[in-house]
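The values are calculated or read from the model by the stated rules, or taken from the named source; none is laboratory data. Model, not experiment: these values are computed from the prediction. Every residue, glycine among them, receives a Cβ derived from its backbone with ideal geometry; neighbour counts consider all protein chains shown. To get the accessible areas, we keep the full protein, side chains included, count just its heavy atoms, and leave off ligands, DNA and RNA. Shrake-Rupley method; radii C 1.70, N 1.55, O 1.52, S 1.80 Å.
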Amino acid sequence: HVTLSYYNEYKSYLRMSGLVFRQLFDTTSSTYTYIIGCGKTRAAAIIDPVYEKVSRDIKMVSELDLKLKYAINTHCHADHVTGTAALRSKTGCQTMISKASGAKADLYINDKDIISIGDLKMEALSTPGHTNGCMSYILHDHKLCFTGDALMIRACGRTDFQEGNAGVLYESVTGRLFTLSEDYSVYPAHDYQGRTQSSIREEKLYNPRLTQPKEEFIRIMDNLGLSYPKKIDVSLPWNLRCGPTVADDEAILADIQANKPPMKL
């Protein structure tokens with residue numbers, strides 16, 4: 001039993017923090033979702049939400065005493081259906097994605113744009129190569145970077161589909177992300193080996209692909225021999241339209257499970 005006084009003390013404790021930060025995980029797609037909140041104003045953003053996890057995310061935002069302002073994608077994903085439109089329907093937040101992605105959203109982001117989340121300032125950094133519309137998001141005051149599929153932990157996003165270009169990705173990471181201070185923490189969109197974060201320093205030292213010269217990196221990426229993405233046929237059509245607008249819809253959930261693309265508008 002939680003008393004009212006204890007609840008109010010908890011809310012006061014939350015407001016003492018300058019940054020509210022949570023990392024959440026979807027086991028089906030190995031996707032990380034991030035909640036970023038301003039401790040003072042309680043404004044918040046969510047990065048890379050997954051449709052099937054919208055109820056979980058809303059509950060977490062509520063428990064943290066936050067008000068969701070933005071639902072943001074790092075790019076137009078091919079491995080899961082985004083929860084951005086469903087979150088907008090439930091919370092009244094605005095959806096955001098790179099203008100270069102070609103996907104629908106309420107607000108479009110360009111390189112070097114600053115996203116205000118209460119008192120927090122998050123810079124959008126264009127990092128194409130996995131897709132044309134890939135964006136990384138940087139909280140300089142807290143030395144955090146959310147790198148999507150551009151830079152992953154000891155890896156990077158594939159470049160053999162969806163406008164992928166290995167040479168462009170190499171320049172994005174080495175010429176943009178690797179110029180950040182080495183003590184910045186790296187939070188990717190995915191990990192398949194149970195790792196949760198890295199740092200710019202670690203990736204500059206130990207990333208087996210991105211420590212190579214550009215020509216060797218391109219050769220590696222051209223010869224990965226990866227299979228066709230399992231969820232691309234259902235994910236891309238949904239994600240280009242910002243995802244389903246209704247949360248927890250049983251028919252939509254069944255279609256996603258069956259890998260059935262949405263009906264054309």
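Filtering segment 161-192 to residues that are modelled with pLDDT of 95 or more, out of contact with any strand residue (DSSP E or B) (no Cβ under 9 Å at 6 or more places or on another chain) and either open to solvent by 60 Å² or more (accessible area, probe 1.4 Å) or farther than 20 Å from His80 by Cβ (or both) leaves Asn165, Ala166, Gly167, Val168, Leu169, Tyr170, Glu171, Thr174, Gly175, Phe178, Thr179, Ser181. On inspection, Thr41 fails the criterion of being assigned to a strand (DSSP E or B) and either touching a His at 6+ places or on another chain (Cβ under 7 Å) or under 21 Å from His142 (Cβ atoms) (or both).
For every residue, the table says whether it meets (1) open to solvent by less than 20 Å² (accessible area, probe 1.4 Å); (2) without any contact (Cβ under 8 Å) to a residue 60 or more places away in the chain; (3) in a loop (DSSP other than H, G, I, E, B).
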residue	(1), (2), (3)
Ala103	yes, no, yes
Lys112	no, yes, yes
Lys121	no, yes, no
Leu125	yes, yes, no
Gly129	yes, yes, yes
Asn132	no, yes, yes
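Looking across segment 44-59, just one residue is over 20 Å from His77 (Cβ atoms) and part of a strand (DSSP E or B), and that is Ala44. Being open to solvent by 50 Å² or more (accessible area, probe 1.4 Å), under 15 Å from Ser29 (Cα atoms) and either under 20 Å from the mean Cα position of the chain (by Cα) or modelled with pLDDT of 95 or more (or both) is not true of Thr245. Restricted to segment 91-101, and to residues there that are more than 15 Å from the chain's Cα centre (by Cα) and hydrophobic (A, V, I, L, M, F, W, C), the residue that is least open to solvent (accessible area, probe 1.4 Å) is Cys93.
In this structure, does Leu87 turn out to be over 16 Å from the mean Cα position of the chain (by Cα) and crowded, with 24+ Cβ neighbours inside 10 Å? So Leu87 fails the test.
Out of everything in segment 170-190 that is β-branched (Val, Ile, Thr) and within 18 Å of the chain's Cα centre (by Cα), what residue ends up being farthest from Leu125 (Cα to Cα)? Of everything passing the filter in segment 170-190, Val186 is farthest from Leu125 (Cα to Cα). Across segment 60-92, the number of residues qualifying as more than 14 Å from Arg241 (Cα to Cα), in contact (Cβ under 8 Å) with a residue 40 or more places away in the chain and in a loop (DSSP other than H, G, I, E, B) comes to 5.
Taking the criterion of being buried (at least 21 other Cβ atoms within 10 Å of the Cβ) and either among the polar types (S, T, N, Q) or more than 13 Å from the chain's Cα centre (by Cα) (or both), the residues of segment 54-80 that qualify are Val54, Asp57, Val61, Leu66, Leu68, Lys69, Asn73, Thr74.
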